[in-house]
Amino acid sequence: MRALWLRWHHRLLLAAALGVLAGCVSYAKVFWQQDENVYDEWVGNWDYAVDPRLLIIAIDDHSLQQLGQWPWPRSTHARLLDRLREAGAERVALDLMFIEPDHLNGDQDTTLADAIKRSGNVVLPVLAVAPSIEAVPEELMPMTALSTAAAQLAHTDIEIEGDGVARGLYLKAGIGSAYWPALGMALAGQTDPAPGLVNPMGAALTPYQWHRDNYVRLRYAGPPGSVPQVPYSDVLEGRVPLGLLRGRLVIIGMTASGIAPRLLTPTSHERWMSGSEYQANVASMLLKQNTLLPLRPAAQAIVVALLTLLCALAITSPLPSWLVALVAMPTPLLLSFTLLRGFNVWFAPIAAVASITLLLLAWGLWRTRYWRRQANHDPLTGLANRMRFEETLQLETDAARRSGRPLSLLLVDIDHFKAYNDTYGHYVGDRVLRQVADTIGNLTRRPRDLAARFGGDEFAIILPDTPQSGAALLAESLLARTRQRSITVDKGQLAQVSVTIGIRTVVPTARETPARLFKAADAALYQAKTAGRDTYRTDPPSG
């Protein structure tokens with residue numbers, strides 16, 4: 001029972017160590033790009049119906065042709081806001097930056113500020129920029145007259161991954177602490193508490209840095225163009241019916257080629273998305289409660305570690321290895337897909353897939369090596385078996401023939417072995433076999449020496465590059481060590497064990513075969529038995 005517990009104890013420790021290693025790989029995001037490829041594949045066509053209240057009023061190529069070169073007078077935007085107010089738009093996000101006053105005509109600023117104030121529902125953007133890499137970032141805010149008139153300010157910080165794809169965003173951000181909501185969040189009218197992963201270090205933030213919080217994965221309604229759009233000029237000039245604008249959540253922004261920011265998303269399929277449509281997707285996601293929450297890095301690492309640990313325990317159990325592989329390999333992917341599609345939770349699976357795959361490969365290689373060893377070794381004594389003995393004897397005979405160096409073969413029998421089995425039982429007989437095998441193994445330490453269990457109580461020793469005198473010295477050592485070791489057979493009673501040895505040494509010629517060498521060594525063994533056992537003889541007799 002104790003031995004069984006120790007085996008399980010060691011197995012559990014090894015499995016835990018492998019699990020911890022896999023968790024560290026996950027925490028370090030070694031396979032982040034592969035994880036994102038899986039994510040893109042699973043969300044790229046996971047469309048849903050966009051919230052019907054959302055509408056993009058696009059400053060597109062058509063509008064630029066109609067209204068002239070950009071930038072337009074701020075009074076133009078004021079006219080558009082008044083038209084939206086008359087139509088009964090619910091909320092308007094004016095996704096344009098008005099940082100400096102109009103130096104040519106100050107009345108333009110007043111006109112736009114008055115229109116924003118009359119509307120009472122306009123959201124203006126805030127952006128953080130740094131003059132240089134080393135400089136402290138600054139918040140770029142609308143000029144005071146406009147920000148005072150706005151119903152709300154919101155950040156337009158877009159999270160771009162290392163491969164250039166926009167997959168998520170921080171719903172809150174700001175200098176010193178994350179207090180500005182995302183523009184799409186403000187457009188949706190979402191208030192605190194905001195969803196997403198909260199920064200646990202929020203209380204220790206530095207006051208001069210741009211901080212982001214409440215991270216979520218953005219579930220897009222569909223590919224670019226999924227959110228309804230109308231040209232800015234058509235709305236301004238009355239070509240869009242007022243009824244189409246009533247109750248709408250409107251975002252006004254750039255979509256014209258060469259001017260608008262272009263984003264790659266998991267749904268892009270080689271098409272670009274404008275920043276305004278990105279913010280519209282943020283609003284739609286929140287309104288439809290389709291927010292995707294990634295697991296925290298620590299939780300992600302724990303899940304990967306547990307999956308790897310369970311696989312490590314399973315492959316060392318009696319379960320068939322093929323069954324373990326069949327279940328373990330797809331489990332991380334199935335778990336990730338189920339959490340994403342069923343619970344809107346993102347679990348990155350590739351670290352677990354890679355760890356389990358490497359674990360299964362390592363186990364398969366180890367098992368292959370183990371079975372190859374088993375195929376060439378005697379399971380009771382651990383020495384080479386008869387097949388390995390015959391292969392090695394043939395190889396060493398050929399090698400000795402080529403080199404002209406002597407080859408010695410020793411055949412060893414345990415004296416009166418049948419009596420141990422008959423008198424004390426096979427358990428004691430097996431102990432005698434293992435004890436003699438251990439003694440033989442300790443004497444054959446050279447790289448090319450081979451000790452084998454040839455039959456029931458018969459052993460063989462192949463000694464390459466060994467003359468008869470060297471083989472005789474080993475035989476004398478084996479006889480002496482065997483006599484020194486006794487074995488307990490019954491209630492403290494000790495029994496003496498002895499062996500008899502036959503030796504044959506040759507420098508093989510073309511006529512010399514392994515069979516002839518073995519036959520000569522067996523004849524010497526018979527002579528030793530006839531002489532009274534517990535001794536050795538050589539063939540031909542020495543001296």
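The values are calculated or read from the model by the stated rules, or taken from the named source; none is laboratory data. Model, not experiment: these values are computed from the prediction. When we count neighbours, we look across all protein chains shown, and the Cβ atoms used for this are built from the backbone with ideal geometry, even at glycine. To get the accessible areas, we keep the full protein, side chains included, count just its heavy atoms, and leave off ligands, DNA and RNA. Shrake-Rupley method; radii C 1.70, N 1.55, O 1.52, S 1.80 Å.
Couple of notes before you dig in:
- Subset tally (residues that are over 12 Å from the mean Cα position of the chain (by Cα), at pLDDT below 95 and not polar (S, T, N, Q)) for the stretch 344-369: 9
- The residues on offer are Ala472, Ala437, Ala480, and the sole one that is part of a helix (DSSP H, G or I) and within 16 Å of Asp539 (Cβ to Cβ) is Ala472.
- Extreme residue, least open to solvent (accessible area, probe 1.4 Å), among residues of the stretch 299-323 that are β-branched (Val, Ile, Thr) and at pLDDT below 85: Ile315
- Glu270 being in a helix (DSSP H, G or I) and closer than 17 Å to Arg167 by Cα: no
- Scanning the stretch 325-349 for residues that are in contact (Cβ under 8 Å) with a residue 24 or more places away in the chain, within 20 Å of Ala314 (Cβ to Cβ) and assigned to a helix (DSSP H, G or I) yields Ala325, Ala328, Thr331, Pro332, Leu333, Leu335, Ser336.
- Single condition Gly174 does not satisfy, out of (1) modelled with pLDDT of 85 or more; (2) in a loop (DSSP other than H, G, I, E, B); (3) of a type outside the set (A, V, I, L, M): (2)
- Residue within the stretch 86-106 that is of a type in the set (Lys, Arg), surrounded by 16 or more Cβ atoms within 10 Å (Cβ to Cβ), at pLDDT 95 or above and not in a strand (DSSP E or B) present: no
- Cross-chain or 6+ apart pairs with Cβ under 7 Å, the stretch 12-35 first and at pLDDT below 90, then open to solvent by 90 Å² or more (accessible area, probe 1.4 Å): Gly19/Leu306; Gly23/Ile302
- Within the stretch 55-85, being open to solvent by 70 Å² or more (accessible area, probe 1.4 Å), not aromatic (Phe, Trp, Tyr) and not in a helix (DSSP H, G or I) holds for Gln69, Pro71.
- Subset of the stretch 533-543 (residues that are part of a loop (DSSP other than H, G, I, E, B), of a type outside the set (Asp, Glu) and modelled with pLDDT of 90 or more): Arg533, Thr535
- A single member of Val250, Val227 is crowded, with 21+ Cβ neighbours inside 10 Å, among the hydrophobic types (A, V, I, L, M, F, W, C), part of a loop (DSSP other than H, G, I, E, B) and touching a residue at least 40 places away in the same chain (Cβ under 8 Å), and it is Val227.
Residue-by-condition table, conditions (1) under 24 Å from Ala524 (Cα atoms); (2) open to solvent by 50 Å² or more (accessible area, probe 1.4 Å):
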{"residue": "Gly441", "(1), (2)": "yes, no"}
{"residue": "Gly455", "(1), (2)": "yes, no"}
{"residue": "Ile462", "(1), (2)": "yes, no"}
{"residue": "Pro467", "(1), (2)": "yes, yes"}
{"residue": "Ile487", "(1), (2)": "no, no"}
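- Number of the exception - Tyr208 against (1) aromatic (Phe, Trp, Tyr); (2) out of contact with any strand residue (DSSP E or B) (no Cβ under 6 Å at 6 or more places or on another chain); (3) open to solvent by less than 20 Å² (accessible area, probe 1.4 Å): (3)
- In the condition set (1) in a helix (DSSP H, G or I); (2) in contact with a helix residue (DSSP H, G or I) (Cβ under 6 Å, 6 or more places away or on another chain); (3) not hydroxyl-bearing (Ser, Thr, Tyr), Ala451 is compliant with all but (1).
- Single residue of Asp465, Asp457 found to be touching a helix residue (DSSP H, G or I) at 6+ places or on another chain (Cβ under 6 Å) and of a type in the set (Asp, Glu): Asp457
- Of all residues in the stretch 131-141, one or more are of a type in the set (A, V, I, L, M), part of a strand (DSSP E or B) and open to solvent by 30 Å² or more (accessible area, probe 1.4 Å).
- Test: residue in the stretch 35-54 that is within 17 Å of Tyr232 (Cα to Cα) and buried (at least 17 other Cβ atoms within 10 Å of the Cβ): yes
- Just so you know, in the stretch 470-526 the residues that are at pLDDT below 90 and acidic (Asp, Glu) include one that is nearest to Val412 (Cα to Cα), and it is Glu512.
- Matching residues, the stretch 404-422, being in a helix (DSSP H, G or I) and either closer than 16 Å to Gly502 by Cα or touching a residue at least 60 places away in the same chain (Cβ under 8 Å) (or both): Tyr420
- Test: residue in the stretch 335-343 that is out of contact with any Pro (no Cβ under 8 Å at 6 or more places or on another chain) and surrounded by fewer than 12 Cβ atoms within 10 Å (Cβ to Cβ): yes
- Pairs where the first residue, in the stretch 384-399, is in a helix (DSSP H, G or I) and the second is charged (D, E, K, R), C-beta under 7 Å, 6+ apart: Thr397/Glu512
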